[in-house]
Protein chains: 2
Amino acid sequence: MQDDTHANGTTNGRFASLTPLLQPRSVAVVGASADATRIGGRPVSYMLRGEFQGRVMPVNPKRSEIQGLPAYASIDDLPEAPDASVVAVPAAQVVDTVDALGRRGGRSAIIFSSGFSEVGAQGEALQQQLLVTARRHGMRLLGPNTAGAFNSTIGFFGSFMSGLERGFPLPGRIGIASQSGAYGAHLLGLARARGLGTPICAATGNECDVTLGEAIGWMVENPDIDVVMAYAEAVRDVESFTAALEAAHAARKPVILQKVGRSALGQKAALSHTAALAGDDRVFDAMLADYAVIRVESSAELLDVAYTATRRIYPANNSLGMLTISGGAGIIVSDLAEQLDVPMPPMPEPAQADLKTAVPFCSPINPVDCTAQVLNDLTLAGTFGERMVSDGGYASVLAFFSQAGTVPSVAPKLCAELKKVKDAHPDRLFVMSLIGEPEQNQPYEEAGFVLMEDPTDAVKVIKAMGQLGDAFARPLPQREAVPPVTLPEATPGEAEAKQLLAAHGIPAVPEKVLGSAGEAAAYAEQIGFPVVMKIASADIVHKSEIGGVLLNVADADSVREGFQTLLDNAERHAPEAKLDGVLVARQIVGGVECFMGIQRDPQFGPVAVFGLGGIFVEVLKDVVFQRCPFDREEARRLILSIKGAPLLQGARGRAPVDLDALSAMLANLSRFAVGAGERLDSIDINPVFAMPEGQGAFAADALIQLKTDQLKTDQLNEQK
Amino acid sequence: MQDDTHANGTTNGRFASLTPLLQPRSVAVVGASADATRIGGRPVSYMLRGEFQGRVMPVNPKRSEIQGLPAYASIDDLPEAPDASVVAVPAAQVVDTVDALGRRGGRSAIIFSSGFSEVGAQGEALQQQLLVTARRHGMRLLGPNTAGAFNSTIGFFGSFMSGLERGFPLPGRIGIASQSGAYGAHLLGLARARGLGTPICAATGNECDVTLGEAIGWMVENPDIDVVMAYAEAVRDVESFTAALEAAHAARKPVILQKVGRSALGQKAALSHTAALAGDDRVFDAMLADYAVIRVESSAELLDVAYTATRRIYPANNSLGMLTISGGAGIIVSDLAEQLDVPMPPMPEPAQADLKTAVPFCSPINPVDCTAQVLNDLTLAGTFGERMVSDGGYASVLAFFSQAGTVPSVAPKLCAELKKVKDAHPDRLFVMSLIGEPEQNQPYEEAGFVLMEDPTDAVKVIKAMGQLGDAFARPLPQREAVPPVTLPEATPGEAEAKQLLAAHGIPAVPEKVLGSAGEAAAYAEQIGFPVVMKIASADIVHKSEIGGVLLNVADADSVREGFQTLLDNAERHAPEAKLDGVLVARQIVGGVECFMGIQRDPQFGPVAVFGLGGIFVEVLKDVVFQRCPFDREEARRLILSIKGAPLLQGARGRAPVDLDALSAMLANLSRFAVGAGERLDSIDINPVFAMPEGQGAFAADALIQLKTDQLKTDQLNEQK
């Protein structure tokens, strides 16, 4: 066996098992081709061109030499056990190949071959067999159906990406983890075109073993990488994904994520079929909120944010000060900052007065419009910038100089003046909106400014850096252990469900069947007035028709009196009915109707849902989702994040509801769902009455669905 | 006087009066400087460098020569009357300068000088004086406080934009009209950096005379321009702006507009202060909907859309077919297309089968994933493309080839194959998502493809071209003449307001005071049952307490009977009351509560507002706005565009409402508002009952506010 000492610290991390795969010291290429343009030829050619620091060992039974390297007739003939092996053989031969590699001491393999889970059940079975084989040998697998991985810091190219023919990645500190090889290559190409270095890249393909999360995690633990760009179509393994995000948080390395499939999954999750919430995108978004992740919508945004993040300045409690020579650009930025919730507080009045003295026609509020006047005396740019940082206190400064900032008569002096301010305040983020040729921009780049042509994009990256700063400053939520919940054998009825939930802090509308007027009065005093009273008898179906229901019973005397009235009425109109007593229930007055529930997501497990009743859910789809469990604070945040939240906070002359009680109820439900484990399929509590402040929140109806009942439900649906 | 014959057709258009300004044959520069870097020196220097086709005449009392040109001591000394004059003198001298130019036969002037309306009341007065002076001489003015204009097709540079120092605009067919000189220059810089030609540009500054609309209009009428990029902070003159958009529509030339100030104005327009709807951005947006205008949010988007528009392919009824070598890119595009409502219908089944035969592992639905297989046989790209257009029928095709499309072994053949398809279908829009160096992209550019690095941006421009196509295909709405409405002398009371509105097709809940049981029964039959009946007497205040109100009166016999009952009750309980008869009113059952109204916008005049009652307006701010007048079809579109629209269409088990009646009511209100003219300040009809289908829509309360009453209202508010 080989020793495990590698040059970097990755080996000791949580994701160290990927080191042989992504930082190998020796590489076998099985199915190596002498033709450098073929899939089996490219890795050899790339590694030769990239001057791979380890040994490249082509395996090809028909040739003794491949692209100038000695080739080996079989895996058994390999002169040393390879850290990584590239496998470029037909699908049918892959399992045997991996088995042979395992026997030879191979530690990992990259499977280019297609014809596995992406082609249906047979391929899925073959893929399973492949995984079992690899596991038996303790090997890690990338793919199958992957374009591979590279690590240009050591000249390793276990990839057939044709983009590498155009040129190798530039040196830099951005990693790429992508579920799509073609899109990963697209990102590589965009990064190169923009001068951004992406030395390490892994495309995870079918993910039979190594997941996207693990690839991200390994890069995050790698000292050569500061920022990870990730592309995901579906997060197949939530555990490794969240572990990677935890590692990223710990290392203060942001993950910039483009996750696609928003729309299609959104459709699936239509509210009319809550059971089909599979991998709901909103749950995914809610989950990301805890971590230092920026989710983007386009590759351009992905690159903008990753580029900015390489400066490693993440201002918590972000605020934006804009220095501009154009009032128009100032308005554009103000518009967008307001839309994106990036605060732009004004400069302090005394500083404004000073700047007015320096440049009489300037507008020194914020945006600080210094006018083109500063171009005549560039020390003014420094003065303005310094006052903005030291007096305005902005965490981020955006300076709009457009092409005026890159003309030869302006650029060196402007850059020097602003660099002075920047260097004096290394914790602030300085973004310059400039238009220039690459060589004109270079001095600003070298001085450490972030450069964005478009002021709109500048605001977006400033917002993202602030979000990262806040995320890094916030400790990750501790997922406290949830005590187990004992579920009944079969799906419980409404009463049993409500009892079970109430025992776990999800109270129902208080109600009790009582046998005497005195007990009824005492209970009513305990739960609070007014109360509803009903004759309790299985034999009396239409209770109100025989005078068996009393509403608005307001005090203890009336309860005692009512008790007798109900018995009398029953006696008179249903003399043969067997009476259980009288049901006393809290009468709901002035509450707001809500609903909450639990659905099981195939990826995220139990997911809590909350919304207001009526049109809010049916017409406006105004509901929120969160992965369980979560605490009261998170429950409160969720509740207040719905559009209809003002209705809970006293809009339209209503009393504000008991948010403490409602939040506790939702948080308890989320813990109940986790404690109940796999057998719990769904919970539907509808309506929930959120009562005025201090008066609690109550479930008025509850349905708990267990998994064993699923068949029954399906049969019922079929019968409909 | 000079003759008016110019080289182009602009002279005959609606905006011909700007031709001397933007296409001059002679230019005076008043305040010309010998220093080519000074504001008064740049226009001379630029025109020399740009080889202006006419005569440049510097005016400077201290020099006989400026930058090698003969200079004139005064305006009176000018050898010919200048078409355009650049005025670069202090504010205090501007009026006299323009007067002198007018006397010398000058036809237009560009006023660089600051110190006018932008500096307060005194400057405003000076600006007014300037305008009066120019009007007296029949001169058009650009500015004051403008960075000027240029027209590089003739080498005219009446501008001090420093960006022109870096380089002149490239040849091309895009015009720039901007209210901000600095932002206009920024756009010029971005366009140059991207290889886009913007030969004509006007910055309108304070707009004392020439408006942004006129600048757009002149460019639209100019045969050298196909597309106009416009930047607006506030549309000061709606008439010239809409006239320009009409001209643009007629000429099939799109206007791409970045209008800023969204947020601040949005705040002003908060629903709690509907009177303060000043220049509301939503009204502006609603107004644009009629025209061939694309409103963008950033300069990057502005350039993307303008660039694409230069291909002049505007597919109406747009649909998107995507050809891709990456499944991932396909998902990204599908997501965004769904979000942006760009249809992506699937390929017809037989064509799918054929493509499956050609490339077994392809996914031929749409996106059509042809896989990297096509790179081995590029004729397949042509086959796929052709089938997509001829069988799939897509109006727009997006082909994602990323950097694979620009590698030397692929590019020439791929370009040729796809060009064949393109040339066979010149009405289709072909967008390629490629990554390459400019020289690698060049052949695709020359072949007429639209090139976008990012597939996300590609979808956005494809959507925009479809919107333009639809707008060009649609005739502009004919603003029919609205008959005048005679308003009362003073603000009418509720009854009078309802009567007035009812006379113009905005019906109130039908009600009438009747003197006999027979008349009452006949009226009730006419308006429909059930009806409400009330004793009509000014002397009886609390009608229900004396049995003076009957609800749910269901048929004619009951009306007759009720009539007598009401008289009897009045006789008994209020024998001294003077009776007017009995009021019979339609009883509202099962309607949906809405509101509609009119507000006066300082820019757009009367604006109609519509929304649902209750939480929809108070909590969700779910309202729509439109400039008046509009027809029933537009009214219906507006009504159905609110989020709560499902409630009008039968959501939650309700009956669908009478949309025909509701739309007619709103359209009639919009006509009423225009017919009523300037004296009308606002109308508030709240609630409006939208009844079930076939049963109409009725105003239950109405308030008409006239302008003369404003003082009274203000006083009332102060007293509060």
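What's the number of the only condition in (1) farther than 21 Å from A:T204 by Cβ; (2) modelled with pLDDT of 95 or more; (3) of a type outside the set (A, V, I, L, M, F, W, C) that A:P82 fails to meet?
Exception for A:P82: condition (1).
I'm checking my understanding of the structure. Among residues of the range A:1-60 that are of a type in the set (D, E) and in the same structural domain as A:I216 (by TED's automatic domain parsing), which one is modelled with the highest pLDDT?
Here the answer is A:E51.
I need the full set of residues from the range A:640-660 which are assigned to a helix (DSSP H, G or I) and without any contact (Cβ under 8 Å) to a residue 40 or more places away in the chain, in order please.
Hits for the range A:640-660 are A:L640, A:A645, A:P646, A:A651, A:R652, A:G653, A:L659, A:D660.
What about A:S363, is it within 14 Å of chain B (Cβ to nearest Cβ) and surrounded by fewer than 23 Cβ atoms within 10 Å (Cβ to Cβ)?
Answer is yes for this residue.
Can you find, within the range B:314-344, the residue that is surrounded by the fewest Cβ atoms within 10 Å (Cβ to Cβ) among those that are farther than 15 Å from B:E453 by Cα and of a type in the set (S, T, Y)?
B:S319
Just for the range B:186-203: of the residues that are within 12 Å of chain A (Cβ to nearest Cβ) and in contact with a Ser or Thr (Cβ under 7 Å, 6 or more places away or on another chain), which one is surrounded by the fewest Cβ atoms within 10 Å (Cβ to Cβ)?
The residue in question is B:L190.
Kindly indicate whether any position in the range A:417-432 is within 14 Å of chain B (Cβ to nearest Cβ), surrounded by 24 or more Cβ atoms within 10 Å (Cβ to Cβ) and not in a helix (DSSP H, G or I).
Looking for residues that are within 14 Å of chain B (Cβ to nearest Cβ), surrounded by 24 or more Cβ atoms within 10 Å (Cβ to Cβ) and not in a helix (DSSP H, G or I), one finds at least one in the range A:417-432, hence yes.
Take the conditions in a helix (DSSP H, G or I), modelled with pLDDT under 90 and either surrounded by 22 or more Cβ atoms within 10 Å (Cβ to Cβ) or in the same structural domain as A:A289 (by TED's automatic domain parsing) (or both) and apply them to A:F672. Does it pass?
The answer is no for A:F672.
Small (G, A, S) and farther than 26 Å from B:P484 by Cβ - does that describe any residue in the range B:624-642?
yes
List every residue pair whose Cβ atoms lie under 7 Å apart, where the two residues are 6 or more positions apart in sequence or sit on different chains, the first residue falls within the range A:166-186 and is farther than 20 Å from A:M47 by Cα, and the second residue, located anywhere, is aromatic (F, W, Y) and surrounded by 24 or more Cβ atoms within 10 Å (Cβ to Cβ).
From residues that are farther than 20 Å from A:M47 by Cα, the pairs are A:S178/A:Y231; A:Q179/A:Y231; A:S180/A:Y231; A:Y183/A:Y231.
Identify, please: which residue in the range A:249-271 is farther than 17 Å from A:A232 by Cβ and touching a Leu at 6+ places or on another chain (Cβ under 7 Å) and is, among those, modelled with the lowest pLDDT?
A:A269
Would you please name the residue that is farthest from the other protein chains (Cβ to nearest Cβ), looking only at residues in the range B:634-648 that are over 18 Å from B:I615 (Cα atoms) and open to solvent by 20 Å² or more (accessible area, probe 1.4 Å)?
Applying the filter and picking the extreme gives B:E634.
Determine which single condition B:Q127 fails, assuming it passes every other condition in (1) of a type outside the set (K, R); (2) within 31 Å of the chain's Cα centre (by Cα); (3) open to solvent by 10 Å² or more (accessible area, probe 1.4 Å); (4) farther than 20 Å from B:A88 by Cα.
Every condition holds for B:Q127 apart from (4).
When the range A:366-382 is examined, which residues are found to be touching a helix residue (DSSP H, G or I) at 6+ places or on another chain (Cβ under 8 Å) and open to solvent by 60 Å² or more (accessible area, probe 1.4 Å)?
The answer is A:Q373, and nothing else.
Return the residues of the range B:13-24 that are surrounded by fewer than 22 Cβ atoms within 10 Å (Cβ to Cβ) and either assigned to a loop (DSSP other than H, G, I, E, B) or not aliphatic (A, V, I, L, M) (or both); say none if nothing qualifies.
Of everything in the range B:13-24, those that are surrounded by fewer than 22 Cβ atoms within 10 Å (Cβ to Cβ) and either assigned to a loop (DSSP other than H, G, I, E, B) or not aliphatic (A, V, I, L, M) (or both) turn out to be B:G13, B:R14, B:S17.
Looking at (1) out of contact with any strand residue (DSSP E or B) (no Cβ under 7 Å at 6 or more places or on another chain); (2) of a type in the set (A, V, I, L, M); (3) open to solvent by 50 Å² or more (accessible area, probe 1.4 Å), which one does B:L551 not meet, given that it meets all the others?
With respect to (1) out of contact with any strand residue (DSSP E or B) (no Cβ under 7 Å at 6 or more places or on another chain); (2) of a type in the set (A, V, I, L, M); (3) open to solvent by 50 Å² or more (accessible area, probe 1.4 Å), B:L551 is out only on (1).
Confirm whether A:V584 is over 30 Å from A:G528 (Cα atoms) and either open to solvent by less than 60 Å² (accessible area, probe 1.4 Å) or more than 14 Å from chain B (Cβ to nearest Cβ) (or both).
no
Could you say whether any residue in the range B:332-355 is touching a residue at least 60 places away in the same chain (Cβ under 8 Å) and among the hydroxyl-bearing types (S, T, Y)?
no
Restricting to the range A:79-96, name every residue that is of a type outside the set (A, V, I, L, M) and surrounded by 24 or more Cβ atoms within 10 Å (Cβ to Cβ).
Those that are of a type outside the set (A, V, I, L, M) and surrounded by 24 or more Cβ atoms within 10 Å (Cβ to Cβ): A:P82, A:D83, A:S85.
If you take the residues in the range B:589-620 that are open to solvent by 10 Å² or more (accessible area, probe 1.4 Å) and among the small types (G, A, S), which one is nearest to the other protein chains (Cβ to nearest Cβ)?
B:G614
Answer with yes or no whether B:R173 is away from chain A (no Cβ under 14 Å), charged (D, E, K, R) and either within 23 Å of B:D96 (Cβ to Cβ) or touching a strand residue (DSSP E or B) at 6+ places or on another chain (Cβ under 6 Å) (or both).
No, not satisfied.
The values are calculated or read from the model by the stated rules, or taken from the named source; none is laboratory data. None of the values given here were measured: they were computed from a predicted structure. Glycine gets a Cβ as well: all are built from the backbone with ideal geometry, and neighbour counts include every protein chain shown. Heavy atoms of the whole protein, side chains included, go into the accessibility calculation; ligands, DNA and RNA do not. Shrake-Rupley method; radii C 1.70, N 1.55, O 1.52, S 1.80 Å.
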